[in-house]
Amino acid sequence: MAGYIAAWHPVPVPPPAACFARQVVAAAGPQGRDRAKNLLWAAGRLADYGIGLGLEPVPEVLHPSVTGRFAAHAPGLTGVSRRTLRTSLRFLARAVVPQLRPADVPLPRERAKAPYSPAETGGYLALADAQPTAARRMRAAGLVCLGAGAGLIRAGLRAVRGTGICCRSGGVIVQVRGARPRVVPVLARYHDILLAPAEFAGQRLVTGGTGPDRHNVTTPLITALAGGTGLPKLDTSRLRATWLAEVARLPGLAAFMHAAGITCSQRPGGITATPGPGGEAEAVALPGACSR
């Protein structure tokens, strides 16, 4: 391996850049000729780029600010090449000049919240139906249905007015206002329950309050639905997770991702961006969202 690294000198790389590449790659001690070749090429390209900017070809050129600028702005590189070169240069920096690139502090990764079971959502609806006043019953039922039946949380949940819920395109839809306006189909099991709070609210907000910008509007409703025996604490994020899990299960999304070998959640976004988001009728046609 040492002989291969010492003899490396491709024509496109000038001698000072090639010397720098041999120096830092030998110090890194890569395992395997293919790995060494990739690292040599990355270091040579970086040194060639740095020399053009007036930098000396020394190990300190592996500083994150230099490698980051090279990966982002070096001319003549494809997107794949930029990512590959950046990964190789980060490896060299950690091995050769670790003092310039301290180890990343591991950050916690949030996982999707567990959905509620049908029995649990039924329990919350039963608690909503047991509230002492008609207004509280309607608002509590609207909260559960908009969360578990339409997947709404935070500002989108607070901004729904009764007139934004209607029967259309073969189902019940919710018109979401705000930063991401859209039409959301409601799961069929919540149709009749949600239509009652919508009619009760009319032009007013379904979950109560005088304006959608008010915070903590849903807190009293959540508190009122927290007294059920055997029920976990009500969480609007878990209500949304319940809707997401149900909608993903119905068209077989989990089976599709498993069959395609997709584990990263960003890839489905790239796949669905090509055909477009579809229209209201297509959304309502989802299994479980059509009126029975």
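Tabulated data for the structure shown
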{"item": "Cα centroid of segment 1-53 to Cα centroid of segment 169-183, whole Å", "result": "56 Å"}
{"item": "Distant-in-sequence amide H partners of R168 (H built 1.01 Å from N, under 5 Å)", "result": "I173"}
{"item": "Charge dipole magnitude, Cβ of K and R +1, D and E -1 - the chain, Cα centre, debye nearest 20", "result": "140 debye"}
{"item": "Sum of -39500 (n - 2.57) over DSSP H runs of 4+, divided by residues of the chain (222 nm, nearest 500)", "result": "-15000 deg cm²/dmol"}
{"item": "For segment 2-100, radius of gyration divided by Kirkwood radius, i.e. Rg to Rh on alpha-carbons", "result": "0.92"}
{"item": "Under-5 Å amide H pairs with R161, H placed in peptide plane, nonlocal only", "result": "V206"}
{"item": "Karplus 3J(HN,Hα) series, Hz, for segment 40-55 with 6.51 cos²θ - 1.76 cosθ + 1.60 (x for Gly, Pro)", "result": "4, 5, 5, 5, x, 5, 5, 5, 4, 5, x, 4, x, 8, x, 8"}
{"item": "Of every Cα-Cα pair in the chain, the percent that sits beyond 32 Å", "result": "50 percent"}
{"item": "Theoretical FRET efficiency, 1/(1+(r/R0)^6), r = Cβ-Cβ of T210 and A134, R0 22 Å, to 0.05", "result": "0.70"}
{"item": "Of A260, A93, A150, farthest towards positive along the dipole that unit charges on Lys, Arg, Asp, Glu beta carbons give the chain", "result": "A93"}
{"item": "Segment 162-217, dipole about Cα centre (Lys/Arg Cβ +1, Asp/Glu Cβ -1), debye to the nearest 20", "result": "200 debye"}
{"item": "Gyration tensor (alpha-carbon) shape descriptor, segment 127-169, a/c threshold 1.5", "result": "prolate"}
{"item": "Net charge of neighbours whose Cβ lies under 11 Å from the Cβ of L77, counting Lys and Arg as +1 and Asp and Glu as -1", "result": "+4"}
{"item": "HN-Hα J in Hz across segment 118-133 - Karplus 6.51, -1.76, 1.60, θ = phi - 60°, x for Gly and Pro", "result": "x, 5, 5, 5, x, x, 5, 5, 5, 5, 4, 6, 9, 5, x, 10"}
{"item": "Stokes-Einstein translational diffusion, segment 148-255 - Kirkwood Rh over all Cα pairs, 0.890 mPa s, 25 °C, in µm²/s", "result": "167 µm²/s"}
{"item": "Net charge, A224 excluded, C-beta distance under 11 Å - Lys, Arg +1, Asp, Glu -1", "result": "+3"}
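Readers should treat all values here as calculations from the given coordinates under stated rules, not as data from a laboratory. Keep in mind that what you see is a predicted model, and the values were worked out from it rather than measured. When we count neighbours, we look across all protein chains shown, and the Cβ atoms used for this are built from the backbone with ideal geometry, even at glycine.
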